[in-house]
Amino acid sequence: MPDTIWLDGRLHSAAIPTDLRELDPPRPADPAATKARRREEFDRRRKYEFVAHKAPDPVTGAQRFKGPALAGRVRCRNVPKSMRNDPTTRPLTACQKGTPCGCGATVTVPVTTLERDRQPLP
């Protein structure tokens with residue numbers, strides 16, 4: 001799937017900022033402030049995540065996902081409808097108008113794609 005990236009078993013748009021690609025999870029011994037900061041980073045990352053569009057196909061197990069701009073999580077210059085979303089709560093991707101990106105894509109993911117690593121919950 002071009003213009004997409006798998007992070008921690010979940011499909012994301014490749015427009016995700018590089019600082020959100022490699023995140024350390026909170027550890028039990030971390031101070032509360034560090035745990036809160038790390039949770040905020042994961043929450044920022046979720047905005048670039050693909051969202052289930054339909055339930056898995058009962059025969060093949062394949063599932064359709066829609067990009068974060070179609071789901072209303074981010075604003076992307078290549079998805080005009082997303083630009084009408086609230087700029088204070090939805091980040092603008094770095095995508096350039098007319099350049100292919102995964103933000104507005106709808107993809108079908110076969111059940112065998114990264115079947116060992118995929119995560120049902122973020």
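Worth a mention:
- Here D19 sits with roughly 90 square angstrom of accessible surface, probe radius 1.4 Å.
- Accessible surface for K81 stands near 140 Å², nearest 10, in the context of the full protein assembly shown (1.4 Å probe).
- Remark on L92: its backbone amide H falls under 5 Å from those of R75, a criterion applied only to residues 5 or more positions apart or on other chains, H modelled at 1.01 Å from N.
- A value for Rg/Rh (Cα atoms, Kirkwood Rh) was derived from the coordinates, and within the list (1) 0.95; (2) 1.00; (3) 1.11 it appears as (2).
- Using heavy atoms of the protein chains and a probe of 1.4 Å, the accessible area assigned to L92 is about 70 Å².
- Per residue, the chain reaches -4000 deg cm²/dmol at 222 nm when only DSSP H runs of four or more residues are counted, each adding -39500 (n - 2.57).
- Protein-only accessible surface at a 1.4 angstrom probe places the residues V74, V59 in the order V59, V74, largest first.
- Net lengthening on full extension, D19/K54 (0.36 nm per residue, minus Cα-Cα): 9.6 nm
- The relative contact order of the chain comes to 28 percent, based on Cα pairs under 8 Å that sit 6 or more residues apart.
- Average accessible area per residue (Å²) across segment 11-122 - probe 1.4 Å, nucleic acids and ligands excluded: 63 Å²
- Residue by residue, segment 3-14 carries 3J(HN,Hα) couplings of 6, 10, 9, 8, 10, 6, x, 10, 8, 10, 6, 5 Hz when phi is fed to the Karplus relation 6.51 cos²θ - 1.76 cosθ + 1.60 (θ = phi - 60°); x denotes Gly or Pro.
- Pairwise Lys count, the chain - Cα closer than 23 Å, eight or more residues apart or different chains: 9
The values are calculated or read from the model by the stated rules, or taken from the named source; none is laboratory data. Computed from a predicted model, the values in this text were never measured in an experiment. Protein only, heavy atoms only, side chains kept; ligands, DNA and RNA dropped before computing areas. Shrake-Rupley method; radii C 1.70, N 1.55, O 1.52, S 1.80 Å.
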